[in-house]
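The values are calculated or read from the model by the stated rules, or taken from the named source; none is laboratory data. All values reported here derive from a predicted model rather than from experimental measurement. Methodologically, a virtual Cβ is constructed for each residue, glycine included, from the backbone with ideal geometry; neighbour enumeration extends over all protein chains shown. Remember, those area values only see protein heavy atoms, side chains included, never the ligands or the DNA or RNA. Shrake-Rupley method; radii C 1.70, N 1.55, O 1.52, S 1.80 Å.
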Amino acid sequence: MPRLGDRRVRMFGWSFARAVCVTLCSAISLLHAGYALAQGAKLNYEGQTVASVDVSAGPAVNTDALLPFVTQKAGEPYSQAKIDASKAALMQTGQFSGADVQIEPVANGIHVTFVLQPAYYIGILSFPGADKTFPYTRLLQTANMPAQQPFLRDQIDRARTSLMRFFASQGFFQATVEGRTETDEQHKIVNVIFEVQLHKRAKIGQINFQGISDQEASGLRGALRSVWARLKAASLRRGKTYSSEHVQAALPYIQNHLRKEGRLTPQVRLQPRDYHPETNRVDITFQVTPGPMIEVKVTGARMLKRTMKKLVPIYEENSFDRDLVDEGKRNIAGHYQKKGFFDVSVSAQISEAPDKVSVVYAVKTGSKHKVKQIDFEGNNHFDDDDLRPKVQIKTAHLFSRGSFSEDLLRQSSNAIIAAYKDAGFAEVKVTPRVEDFEPEVDVTFVIVEGPQDIVDSLAISGDDHIQNFNTNGRGLLLTPRQPYSPRALEQDRNQILAVYLDRGYPNAAFEAQVAPAGQPHHFDITYKITEGPEVKVSDAVILGRGKT
(Lines give C-alpha, C1' and ligand atoms only; values in the text may rest on other atoms or scores of the structure.)
Protein backbone atom coordinates (compact mmCIF):
# COMPACT_ATOMS: atom_id res chain seq x y z
CA MET A 1 0.00 0.00 0.00
CA PRO A 2 1.19 3.60 -0.58
CA ARG A 3 2.73 5.38 2.37
CA LEU A 4 3.04 8.94 3.65
CA GLY A 5 6.11 8.65 5.87
CA ASP A 6 5.20 5.78 8.22
CA ARG A 7 1.47 6.43 7.87
CA ARG A 8 -0.54 4.07 5.66
CA VAL A 9 -2.93 5.77 3.26
CA ARG A 10 -6.03 3.59 3.67
CA MET A 11 -8.37 5.63 1.51
CA PHE A 12 -6.36 7.29 -1.25
CA GLY A 13 -9.18 9.47 -2.59
CA TRP A 14 -9.97 10.95 0.82
CA SER A 15 -6.31 11.33 1.77
CA PHE A 16 -5.50 13.12 -1.50
CA ALA A 17 -8.52 15.42 -1.26
CA ARG A 18 -7.73 16.23 2.35
CA ALA A 19 -4.11 17.01 1.55
CA VAL A 20 -5.08 19.29 -1.34
CA CYS A 21 -7.63 21.10 0.82
CA VAL A 22 -5.25 21.57 3.74
CA THR A 23 -2.41 22.79 1.56
CA LEU A 24 -4.44 25.17 -0.60
CA CYS A 25 -5.87 26.69 2.58
CA SER A 26 -2.32 26.91 3.90
CA ALA A 27 -1.12 28.72 0.77
CA ILE A 28 -3.90 31.28 1.01
CA SER A 29 -3.36 31.64 4.76
CA LEU A 30 0.36 32.25 4.23
CA LEU A 31 -0.52 35.15 1.97
CA HIS A 32 -2.82 36.54 4.64
CA ALA A 33 -0.13 36.00 7.26
CA GLY A 34 2.38 37.91 5.13
CA TYR A 35 -0.05 40.75 4.70
CA ALA A 36 -0.78 40.75 8.43
CA LEU A 37 2.95 40.92 9.19
CA ALA A 38 3.31 43.86 6.84
CA GLN A 39 0.38 45.63 8.41
CA GLY A 40 1.34 44.79 11.99
CA ALA A 41 4.02 47.48 12.11
CA LYS A 42 1.40 50.12 11.29
CA LEU A 43 -0.69 49.29 14.33
CA ASN A 44 0.11 50.82 17.68
CA TYR A 45 0.40 48.20 20.43
CA GLU A 46 2.55 50.36 22.72
CA GLY A 47 1.76 49.75 26.39
CA GLN A 48 -0.54 46.77 25.86
CA THR A 49 0.11 43.70 28.00
CA VAL A 50 2.17 41.01 26.30
CA ALA A 51 0.53 37.72 27.32
CA SER A 52 3.14 35.43 25.75
CA VAL A 53 6.22 35.47 23.51
CA ASP A 54 7.29 32.77 21.05
CA VAL A 55 10.16 32.33 18.62
CA SER A 56 9.42 30.53 15.33
CA ALA A 57 12.33 28.99 13.43
CA GLY A 58 13.22 25.82 11.56
CA PRO A 59 12.78 22.46 13.32
CA ALA A 60 16.55 22.05 13.62
CA VAL A 61 16.91 25.32 15.56
CA ASN A 62 16.99 25.26 19.36
CA THR A 63 14.60 28.15 20.02
CA ASP A 64 15.07 27.88 23.80
CA ALA A 65 18.65 29.07 23.30
CA LEU A 66 17.33 32.12 21.44
CA LEU A 67 14.94 33.32 24.14
CA PRO A 68 17.68 35.17 26.12
CA PHE A 69 18.14 37.43 23.06
CA VAL A 70 14.49 38.55 23.35
CA THR A 71 14.24 41.56 25.67
CA GLN A 72 10.46 41.86 25.23
CA LYS A 73 9.19 39.57 27.99
CA ALA A 74 5.75 38.09 28.65
CA GLY A 75 3.79 39.87 31.36
CA GLU A 76 5.37 43.24 30.53
CA PRO A 77 3.89 46.15 28.53
CA TYR A 78 4.56 46.05 24.81
CA SER A 79 7.54 48.20 23.85
CA GLN A 80 8.44 48.83 20.21
CA ALA A 81 11.97 49.67 21.31
CA LYS A 82 12.32 46.24 22.96
CA ILE A 83 10.81 44.56 19.90
CA ASP A 84 13.36 46.26 17.62
CA ALA A 85 16.21 45.43 20.01
CA SER A 86 15.08 41.77 20.14
CA LYS A 87 15.00 41.54 16.33
CA ALA A 88 18.48 43.06 16.10
CA ALA A 89 19.88 40.68 18.72
CA LEU A 90 18.40 37.66 16.95
CA MET A 91 19.87 38.78 13.62
CA GLN A 92 23.32 39.26 15.22
CA THR A 93 23.48 35.50 15.89
CA GLY A 94 24.17 35.12 12.16
CA GLN A 95 21.76 32.19 11.81
CA PHE A 96 18.92 33.93 10.00
CA SER A 97 18.29 36.00 6.88
CA GLY A 98 15.52 38.09 8.43
CA ALA A 99 13.19 38.50 11.38
CA ASP A 100 9.52 39.48 11.35
CA VAL A 101 7.08 40.01 14.18
CA GLN A 102 3.57 38.59 14.20
CA ILE A 103 1.14 40.04 16.76
CA GLU A 104 -2.16 38.42 17.63
CA PRO A 105 -4.73 39.74 20.12
CA VAL A 106 -5.65 37.18 22.80
CA ALA A 107 -7.98 37.19 25.80
CA ASN A 108 -5.44 38.58 28.29
CA GLY A 109 -3.42 40.86 26.01
CA ILE A 110 -1.40 40.23 22.86
CA HIS A 111 0.67 37.27 21.70
CA VAL A 112 4.02 38.13 20.08
CA THR A 113 5.80 35.72 17.74
CA PHE A 114 9.25 36.40 16.28
CA VAL A 115 9.26 34.64 12.90
CA LEU A 116 12.86 34.04 11.86
CA GLN A 117 13.66 33.68 8.17
CA PRO A 118 13.69 31.38 6.40
CA ALA A 119 10.29 30.82 8.04
CA TYR A 120 8.88 27.32 8.37
CA TYR A 121 5.14 26.61 8.44
CA ILE A 122 3.13 23.62 9.61
CA GLY A 123 2.09 21.22 6.83
CA ILE A 124 0.32 17.89 7.37
CA LEU A 125 -0.30 16.33 10.76
CA SER A 126 -0.57 12.55 10.98
CA PHE A 127 -1.47 10.23 13.85
CA PRO A 128 -0.32 6.65 13.19
CA GLY A 129 -1.73 4.30 15.79
CA ALA A 130 -4.82 6.46 16.41
CA ASP A 131 -6.25 7.23 12.95
CA LYS A 132 -7.98 3.85 12.71
CA THR A 133 -9.83 4.47 15.98
CA PHE A 134 -10.67 8.20 15.74
CA PRO A 135 -11.63 10.43 12.80
CA TYR A 136 -8.73 12.44 11.41
CA THR A 137 -10.62 15.73 11.85
CA ARG A 138 -11.18 14.97 15.55
CA LEU A 139 -7.46 14.34 16.08
CA LEU A 140 -6.58 17.46 14.10
CA GLN A 141 -8.90 19.56 16.22
CA THR A 142 -7.46 18.11 19.43
CA ALA A 143 -3.84 18.74 18.39
CA ASN A 144 -4.76 22.36 17.54
CA MET A 145 -1.78 23.09 15.28
CA PRO A 146 -3.35 25.19 12.48
CA ALA A 147 -1.57 24.89 9.13
CA GLN A 148 -1.48 28.66 8.63
CA GLN A 149 0.67 29.23 11.71
CA PRO A 150 4.48 29.46 11.84
CA PHE A 151 6.12 26.34 13.24
CA LEU A 152 6.80 26.47 16.99
CA ARG A 153 8.55 23.52 18.57
CA ASP A 154 6.72 23.84 21.89
CA GLN A 155 3.47 23.44 19.96
CA ILE A 156 4.33 19.74 19.65
CA ASP A 157 4.50 19.38 23.45
CA ARG A 158 1.19 21.22 23.88
CA ALA A 159 -0.44 19.08 21.18
CA ARG A 160 0.94 15.90 22.79
CA THR A 161 -0.59 16.93 26.14
CA SER A 162 -3.94 17.66 24.50
CA LEU A 163 -3.91 14.31 22.71
CA MET A 164 -3.10 12.43 25.92
CA ARG A 165 -5.95 14.24 27.70
CA PHE A 166 -8.31 13.42 24.82
CA PHE A 167 -7.36 9.73 24.76
CA ALA A 168 -7.92 9.50 28.52
CA SER A 169 -11.38 11.03 28.11
CA GLN A 170 -12.12 8.27 25.61
CA GLY A 171 -11.03 5.53 28.03
CA PHE A 172 -7.44 5.04 26.85
CA PHE A 173 -5.82 5.97 30.15
CA GLN A 174 -2.61 4.05 29.34
CA ALA A 175 -2.06 5.68 25.93
CA THR A 176 1.37 7.07 24.97
CA VAL A 177 2.11 9.78 22.38
CA GLU A 178 5.48 10.73 20.86
CA GLY A 179 5.90 13.60 18.39
CA ARG A 180 8.46 13.92 15.60
CA THR A 181 8.85 16.05 12.46
CA GLU A 182 9.64 15.62 8.78
CA THR A 183 10.79 18.76 6.95
CA ASP A 184 10.19 19.74 3.32
CA GLU A 185 13.21 22.05 2.92
CA GLN A 186 12.24 23.10 -0.61
CA HIS A 187 8.93 24.61 0.49
CA LYS A 188 9.90 25.26 4.14
CA ILE A 189 7.05 23.07 5.40
CA VAL A 190 7.19 20.95 8.57
CA ASN A 191 5.03 17.84 8.70
CA VAL A 192 4.36 16.59 12.25
CA ILE A 193 3.87 12.89 13.06
CA PHE A 194 2.41 11.83 16.40
CA GLU A 195 3.23 8.16 17.07
CA VAL A 196 0.39 6.82 19.24
CA GLN A 197 0.04 3.61 21.22
CA LEU A 198 -3.47 3.46 22.64
CA HIS A 199 -3.15 0.16 24.55
CA LYS A 200 -6.28 -1.40 26.03
CA ARG A 201 -9.38 0.64 26.65
CA ALA A 202 -10.63 0.82 30.24
CA LYS A 203 -13.89 -0.68 31.44
CA ILE A 204 -16.53 0.81 33.71
CA GLY A 205 -16.25 0.03 37.42
CA GLN A 206 -18.70 1.41 39.97
CA ILE A 207 -21.54 3.76 38.95
CA ASN A 208 -22.27 6.06 41.88
CA PHE A 209 -24.91 8.74 42.52
CA GLN A 210 -24.63 11.54 45.06
CA GLY A 211 -27.46 13.73 46.32
CA ILE A 212 -30.27 11.15 46.15
CA SER A 213 -31.38 8.13 48.19
CA ASP A 214 -30.07 4.61 47.60
CA GLN A 215 -33.49 3.61 46.27
CA GLU A 216 -33.49 6.44 43.71
CA ALA A 217 -29.88 5.63 42.77
CA SER A 218 -30.84 1.99 42.19
CA GLY A 219 -33.67 3.14 39.93
CA LEU A 220 -31.32 5.31 37.85
CA ARG A 221 -28.81 2.45 37.48
CA GLY A 222 -31.64 0.32 36.15
CA ALA A 223 -32.68 3.09 33.76
CA LEU A 224 -29.11 3.28 32.41
CA ARG A 225 -29.26 -0.46 31.62
CA SER A 226 -32.61 -0.24 29.81
CA VAL A 227 -33.34 -0.73 26.11
CA TRP A 228 -34.18 2.98 25.83
CA ALA A 229 -30.75 3.89 27.19
CA ARG A 230 -29.15 1.69 24.52
CA LEU A 231 -31.20 3.39 21.81
CA LYS A 232 -30.05 6.78 23.12
CA ALA A 233 -26.38 5.62 23.28
CA ALA A 234 -26.50 6.35 27.02
CA SER A 235 -26.26 2.79 28.33
CA LEU A 236 -23.86 2.35 31.27
CA ARG A 237 -23.20 -0.76 33.35
CA ARG A 238 -20.34 -2.38 35.22
CA GLY A 239 -17.83 -4.20 33.02
CA LYS A 240 -18.85 -2.34 29.85
CA THR A 241 -16.09 -0.73 27.77
CA TYR A 242 -15.69 2.90 28.79
CA SER A 243 -16.99 5.46 26.30
CA SER A 244 -17.01 9.19 26.98
CA GLU A 245 -19.80 9.61 24.42
CA HIS A 246 -22.00 7.23 26.41
CA VAL A 247 -21.10 8.93 29.69
CA GLN A 248 -21.90 12.38 28.28
CA ALA A 249 -25.13 11.05 26.74
CA ALA A 250 -26.09 9.68 30.14
CA LEU A 251 -26.27 13.19 31.63
CA PRO A 252 -29.31 14.40 29.59
CA TYR A 253 -30.77 10.89 29.72
CA ILE A 254 -30.79 10.97 33.54
CA GLN A 255 -32.27 14.49 33.47
CA ASN A 256 -35.04 13.41 31.08
CA HIS A 257 -35.74 10.36 33.24
CA LEU A 258 -36.21 12.61 36.28
CA ARG A 259 -38.42 14.99 34.27
CA LYS A 260 -40.66 12.12 33.23
CA GLU A 261 -41.05 11.30 36.90
CA GLY A 262 -42.39 14.86 37.34
CA ARG A 263 -39.22 16.55 38.59
CA LEU A 264 -38.69 20.26 37.86
CA THR A 265 -35.23 21.55 36.87
CA PRO A 266 -33.25 18.40 37.73
CA GLN A 267 -29.50 18.93 37.53
CA VAL A 268 -26.91 16.23 36.87
CA ARG A 269 -23.17 16.84 36.93
CA LEU A 270 -20.33 14.43 36.26
CA GLN A 271 -17.75 14.23 39.02
CA PRO A 272 -14.03 13.61 38.30
CA ARG A 273 -13.33 10.08 37.10
CA ASP A 274 -11.64 7.65 39.50
CA TYR A 275 -9.28 5.45 37.46
CA HIS A 276 -7.76 2.26 38.91
CA PRO A 277 -4.66 1.33 36.84
CA GLU A 278 -4.27 -2.08 38.54
CA THR A 279 -7.64 -3.24 37.13
CA ASN A 280 -7.88 -0.78 34.19
CA ARG A 281 -11.34 0.22 35.40
CA VAL A 282 -12.83 3.65 35.96
CA ASP A 283 -15.52 4.55 38.51
CA ILE A 284 -18.18 7.07 37.40
CA THR A 285 -19.95 9.37 39.85
CA PHE A 286 -22.97 11.58 39.08
CA GLN A 287 -23.94 14.47 41.37
CA VAL A 288 -27.77 14.72 41.19
CA THR A 289 -30.07 17.54 42.33
CA PRO A 290 -33.53 16.11 41.52
CA GLY A 291 -35.56 19.32 42.02
CA PRO A 292 -39.20 19.62 43.19
CA MET A 293 -42.13 17.73 41.70
CA ILE A 294 -44.22 19.61 39.10
CA GLU A 295 -47.90 19.01 38.37
CA VAL A 296 -49.82 20.77 35.57
CA LYS A 297 -53.54 20.22 34.89
CA VAL A 298 -56.11 21.62 32.46
CA THR A 299 -59.72 21.75 33.66
CA GLY A 300 -62.92 22.76 31.86
CA ALA A 301 -61.88 21.26 28.51
CA ARG A 302 -60.38 18.04 27.20
CA MET A 303 -56.70 18.10 26.33
CA LEU A 304 -54.24 15.26 25.74
CA LYS A 305 -51.20 15.12 28.01
CA ARG A 306 -48.74 15.33 25.11
CA THR A 307 -50.60 18.38 23.72
CA MET A 308 -50.45 20.09 27.10
CA LYS A 309 -46.69 19.49 27.32
CA LYS A 310 -46.24 21.15 23.92
CA LEU A 311 -48.30 24.19 24.91
CA VAL A 312 -47.01 24.76 28.46
CA PRO A 313 -43.39 26.05 28.26
CA ILE A 314 -42.68 24.94 31.84
CA TYR A 315 -41.97 21.51 30.35
CA GLU A 316 -39.81 22.76 27.47
CA GLU A 317 -37.83 25.23 29.58
CA ASN A 318 -37.79 22.82 32.54
CA SER A 319 -38.16 25.72 34.92
CA PHE A 320 -40.94 27.61 36.68
CA ASP A 321 -41.82 31.31 36.83
CA ARG A 322 -44.88 33.53 36.33
CA ASP A 323 -43.90 34.51 32.79
CA LEU A 324 -43.87 30.86 31.71
CA VAL A 325 -47.27 30.32 33.33
CA ASP A 326 -48.67 33.33 31.42
CA GLU A 327 -47.16 32.10 28.18
CA GLY A 328 -48.87 28.76 28.79
CA LYS A 329 -52.20 30.62 29.19
CA ARG A 330 -51.73 32.32 25.83
CA ASN A 331 -50.73 29.08 24.12
CA ILE A 332 -53.72 27.19 25.51
CA ALA A 333 -56.05 30.01 24.47
CA GLY A 334 -54.54 30.02 20.97
CA HIS A 335 -54.95 26.24 20.77
CA TYR A 336 -58.71 26.46 21.38
CA GLN A 337 -59.09 29.55 19.18
CA LYS A 338 -57.67 27.56 16.26
CA LYS A 339 -60.38 24.99 16.93
CA GLY A 340 -63.09 27.64 16.52
CA PHE A 341 -63.53 28.74 20.15
CA PHE A 342 -62.68 32.37 19.45
CA ASP A 343 -64.08 33.63 22.79
CA VAL A 344 -62.08 31.22 24.95
CA SER A 345 -60.76 32.42 28.32
CA VAL A 346 -58.00 30.79 30.37
CA SER A 347 -57.00 31.44 33.98
CA ALA A 348 -54.20 29.89 36.04
CA GLN A 349 -54.06 28.91 39.70
CA ILE A 350 -50.61 28.34 41.20
CA SER A 351 -49.70 26.42 44.35
CA GLU A 352 -46.06 26.37 45.48
CA ALA A 353 -44.36 24.28 48.16
CA PRO A 354 -40.66 23.51 48.75
CA ASP A 355 -40.95 20.03 47.23
CA LYS A 356 -43.90 20.51 44.84
CA VAL A 357 -45.30 23.07 42.37
CA SER A 358 -48.86 22.79 41.04
CA VAL A 359 -50.42 24.80 38.17
CA VAL A 360 -54.09 24.40 37.19
CA TYR A 361 -55.32 26.03 33.98
CA ALA A 362 -59.08 26.61 34.03
CA VAL A 363 -60.52 26.86 30.49
CA LYS A 364 -63.89 28.32 29.42
CA THR A 365 -64.24 27.66 25.71
CA GLY A 366 -67.52 29.38 24.92
CA SER A 367 -69.32 28.64 21.66
CA LYS A 368 -67.66 27.81 18.34
CA HIS A 369 -67.22 30.44 15.62
CA LYS A 370 -65.99 30.46 12.06
CA VAL A 371 -64.11 33.04 9.98
CA LYS A 372 -66.42 34.32 7.26
CA GLN A 373 -64.20 36.80 5.43
CA ILE A 374 -60.93 38.75 5.54
CA ASP A 375 -60.82 42.33 4.23
CA PHE A 376 -58.31 45.17 3.87
CA GLU A 377 -58.87 48.92 4.19
CA GLY A 378 -56.56 51.77 3.19
CA ASN A 379 -54.25 49.70 1.00
CA ASN A 380 -53.47 51.82 -2.06
CA HIS A 381 -49.95 50.59 -2.86
CA PHE A 382 -50.73 46.85 -2.63
CA ASP A 383 -53.81 45.08 -3.95
CA ASP A 384 -55.81 42.73 -1.74
CA ASP A 385 -54.40 39.80 -3.68
CA ASP A 386 -50.86 40.97 -2.84
CA LEU A 387 -51.57 41.10 0.89
CA ARG A 388 -53.76 38.03 1.29
CA PRO A 389 -50.84 35.46 1.13
CA LYS A 390 -49.20 37.24 4.07
CA VAL A 391 -52.23 36.69 6.33
CA GLN A 392 -52.02 33.62 8.57
CA ILE A 393 -55.74 33.70 9.42
CA LYS A 394 -57.82 31.51 7.07
CA THR A 395 -61.50 31.70 6.16
CA ALA A 396 -63.90 28.82 6.75
CA HIS A 397 -64.74 26.26 4.09
CA LEU A 398 -66.74 23.05 3.85
CA PHE A 399 -64.55 21.02 6.21
CA SER A 400 -63.06 23.78 8.37
CA ARG A 401 -64.16 26.70 10.50
CA GLY A 402 -61.03 28.56 9.47
CA SER A 403 -57.95 29.52 11.47
CA PHE A 404 -58.00 32.33 14.00
CA SER A 405 -56.06 33.25 17.13
CA GLU A 406 -54.45 36.29 18.72
CA ASP A 407 -51.03 34.98 17.66
CA LEU A 408 -52.13 34.52 14.05
CA LEU A 409 -53.64 38.00 14.10
CA ARG A 410 -50.37 39.51 15.36
CA GLN A 411 -48.27 37.51 12.87
CA SER A 412 -50.47 38.64 10.00
CA SER A 413 -50.21 42.31 11.00
CA ASN A 414 -46.41 42.07 11.32
CA ALA A 415 -46.11 40.41 7.89
CA ILE A 416 -48.13 43.21 6.26
CA ILE A 417 -46.03 45.86 8.03
CA ALA A 418 -42.81 44.16 6.84
CA ALA A 419 -44.04 44.16 3.23
CA TYR A 420 -44.83 47.88 3.37
CA LYS A 421 -41.50 48.78 5.01
CA ASP A 422 -39.61 46.86 2.32
CA ALA A 423 -41.52 48.98 -0.21
CA GLY A 424 -40.37 52.20 1.46
CA PHE A 425 -43.31 52.91 3.80
CA ALA A 426 -41.38 53.38 7.05
CA GLU A 427 -44.34 54.92 8.96
CA VAL A 428 -46.97 52.32 8.03
CA LYS A 429 -49.49 51.29 10.69
CA VAL A 430 -51.73 48.20 10.58
CA THR A 431 -54.63 47.76 13.00
CA PRO A 432 -56.69 44.53 12.86
CA ARG A 433 -60.44 44.86 13.48
CA VAL A 434 -62.37 41.73 14.53
CA GLU A 435 -66.18 41.79 14.27
CA ASP A 436 -68.14 38.99 15.91
CA PHE A 437 -71.54 38.27 14.30
CA GLU A 438 -72.20 35.06 16.28
CA PRO A 439 -71.18 32.54 15.11
CA GLU A 440 -69.42 34.21 12.16
CA VAL A 441 -66.38 36.47 12.47
CA ASP A 442 -65.09 39.07 10.01
CA VAL A 443 -61.46 40.25 10.18
CA THR A 444 -60.42 43.54 8.61
CA PHE A 445 -56.86 44.89 8.50
CA VAL A 446 -57.02 48.70 8.59
CA ILE A 447 -53.87 50.09 6.95
CA VAL A 448 -52.49 53.64 7.18
CA GLU A 449 -49.70 53.54 4.61
CA GLY A 450 -48.07 56.91 5.27
CA PRO A 451 -45.56 58.49 2.84
CA GLN A 452 -43.20 56.41 0.72
CA ASP A 453 -39.44 56.97 0.98
CA ILE A 454 -37.74 57.36 -2.41
CA VAL A 455 -34.09 57.29 -3.54
CA ASP A 456 -33.21 60.51 -5.40
CA SER A 457 -29.60 59.63 -6.18
CA LEU A 458 -27.00 56.94 -5.61
CA ALA A 459 -23.27 57.72 -5.59
CA ILE A 460 -20.55 55.08 -5.22
CA SER A 461 -16.98 56.05 -4.29
CA GLY A 462 -13.86 53.94 -3.87
CA ASP A 463 -14.84 51.40 -6.56
CA ASP A 464 -11.59 51.79 -8.44
CA HIS A 465 -11.24 48.21 -9.72
CA ILE A 466 -14.82 46.92 -9.81
CA GLN A 467 -17.83 48.83 -11.08
CA ASN A 468 -20.30 46.10 -11.99
CA PHE A 469 -22.06 44.69 -8.93
CA ASN A 470 -24.62 42.63 -10.83
CA THR A 471 -24.82 39.07 -9.47
CA ASN A 472 -27.17 36.27 -10.50
CA GLY A 473 -28.88 38.61 -12.95
CA ARG A 474 -29.78 41.14 -10.23
CA GLY A 475 -28.35 44.63 -9.76
CA LEU A 476 -28.42 46.95 -6.77
CA LEU A 477 -31.79 47.65 -5.18
CA LEU A 478 -31.30 51.27 -4.11
CA THR A 479 -31.18 53.11 -7.41
CA PRO A 480 -32.73 56.49 -8.35
CA ARG A 481 -36.55 56.63 -8.30
CA GLN A 482 -36.72 53.32 -6.39
CA PRO A 483 -38.17 52.91 -2.86
CA TYR A 484 -35.72 53.27 0.01
CA SER A 485 -35.65 50.77 2.91
CA PRO A 486 -32.96 49.69 5.39
CA ARG A 487 -33.43 46.08 4.29
CA ALA A 488 -32.67 46.97 0.65
CA LEU A 489 -29.54 48.83 1.79
CA GLU A 490 -28.36 45.77 3.74
CA GLN A 491 -28.92 43.55 0.69
CA ASP A 492 -26.87 45.96 -1.46
CA ARG A 493 -24.08 45.89 1.13
CA ASN A 494 -23.97 42.08 1.13
CA GLN A 495 -24.01 41.96 -2.67
CA ILE A 496 -21.16 44.46 -3.10
CA LEU A 497 -18.93 42.73 -0.52
CA ALA A 498 -19.69 39.33 -2.09
CA VAL A 499 -18.52 40.61 -5.48
CA TYR A 500 -15.27 41.90 -3.94
CA LEU A 501 -14.65 38.59 -2.17
CA ASP A 502 -15.20 36.70 -5.42
CA ARG A 503 -12.69 38.99 -7.20
CA GLY A 504 -9.92 38.53 -4.62
CA TYR A 505 -10.44 41.49 -2.25
CA PRO A 506 -10.94 39.78 1.14
CA ASN A 507 -10.41 42.99 3.16
CA ALA A 508 -12.95 45.15 1.33
CA ALA A 509 -15.06 47.37 3.59
CA PHE A 510 -18.41 49.07 2.99
CA GLU A 511 -19.95 52.19 4.52
CA ALA A 512 -23.31 53.73 3.61
CA GLN A 513 -24.47 57.30 4.12
CA VAL A 514 -28.15 58.28 3.86
CA ALA A 515 -28.90 62.01 3.63
CA PRO A 516 -32.22 63.85 3.12
CA ALA A 517 -32.69 65.20 -0.40
CA GLY A 518 -34.46 68.39 -1.48
CA GLN A 519 -37.97 67.25 -0.60
CA PRO A 520 -39.47 65.26 2.30
CA HIS A 521 -39.05 61.47 2.26
CA HIS A 522 -36.49 61.64 -0.55
CA PHE A 523 -32.90 60.54 0.13
CA ASP A 524 -29.46 60.75 -1.44
CA ILE A 525 -27.49 57.53 -0.92
CA THR A 526 -23.70 57.26 -0.89
CA TYR A 527 -21.84 53.93 -0.84
CA LYS A 528 -18.21 54.36 0.27
CA ILE A 529 -16.03 51.36 -0.53
CA THR A 530 -12.54 50.66 0.78
CA GLU A 531 -11.26 47.97 -1.53
CA GLY A 532 -8.06 46.96 0.26
CA PRO A 533 -5.31 45.00 -1.50
CA GLU A 534 -6.03 42.38 -4.14
CA VAL A 535 -4.81 38.96 -2.98
CA LYS A 536 -3.51 36.41 -5.47
CA VAL A 537 -2.28 32.86 -4.97
CA SER A 538 1.44 32.79 -5.75
CA ASP A 539 2.01 29.05 -5.33
CA ALA A 540 0.03 25.94 -4.40
CA VAL A 541 1.92 23.01 -2.89
CA ILE A 542 0.20 19.59 -2.85
CA LEU A 543 1.20 17.31 0.02
CA GLY A 544 0.29 13.75 0.81
CA ARG A 545 0.17 12.35 -2.72
CA GLY A 546 0.45 8.60 -2.84
CA LYS A 547 0.24 7.67 -6.53
CA THR A 548 -0.50 10.65 -8.78
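Miscellaneous remarks
- Scanning segment 399-413 for residues that are in a helix (DSSP H, G or I) and without any contact (Cβ under 8 Å) to a residue 12 or more places away in the chain yields a total of 1.
- Selection count where residues are in contact with a helix residue (DSSP H, G or I) (Cβ under 7 Å, 6 or more places away or on another chain) and more than 18 Å from Arg263 (Cα to Cα), scope segment 198-223: 2
- Those helices (runs of 4 or more DSSP H) lying entirely in segment 111-224 with at least 2 residues of a type in the set (D, E, K, R) and surrounded by fewer than 16 Cβ atoms within 10 Å (Cβ to Cβ): 153-169, 214-224
- When residues of segment 86-106 are limited to those that are of a type in the set (A, V, I, L, M) and within 19 Å of Thr49 (Cβ to Cβ), the one most open to solvent (accessible area, probe 1.4 Å): Val106
- Just one of the listed residues (Lys372, Lys421, Lys390) is open to solvent by 80 Å² or more (accessible area, probe 1.4 Å), basic (Lys, Arg), in contact with a helix residue (DSSP H, G or I) (Cβ under 9 Å, 6 or more places away or on another chain) and on the phi < 0 side of the Ramachandran plot, and it is Lys421.
- Close pairs (6 angstrom Cβ cut-off, 6 or more residues apart or separate chains): of a type in the set (D, E, K, R) in segment 453-472, part of a strand (DSSP E or B) anywhere: Asp456/His522; Asp456/Asp524; Asp463/Ile529
- Subset of segment 261-289 [within 30 Å of the chain's Cα centre (by Cα) and farther than 30 Å from Ala202 by Cα]: Leu264, Thr265
- Looking at Met308, Met293, just one residue is in contact (Cβ under 8 Å) with a residue 40 or more places away in the chain and surrounded by 13 or more Cβ atoms within 10 Å (Cβ to Cβ), and that residue is Met293.
- Selection of first residues in segment 520-546 that are closer than 24 Å to Gly504 by Cα and surrounded by 14 or more Cβ atoms within 10 Å (Cβ to Cβ) and of second residues that are modelled with pLDDT under 80 and of a type in the set (Gly, Ala, Ser), restricted to Cβ pairs under 8 Å at least 6 apart or on distinct chains, gives the following pairs, ordered by first then second residue: Val541/Ser26; Val541/Ala27.
- Residues (touching a helix residue (DSSP H, G or I) at 6+ places or on another chain (Cβ under 9 Å), assigned to a loop (DSSP other than H, G, I, E, B) and more than 26 Å from Pro354 (Cβ to Cβ)) located in segment 244-274: Arg273
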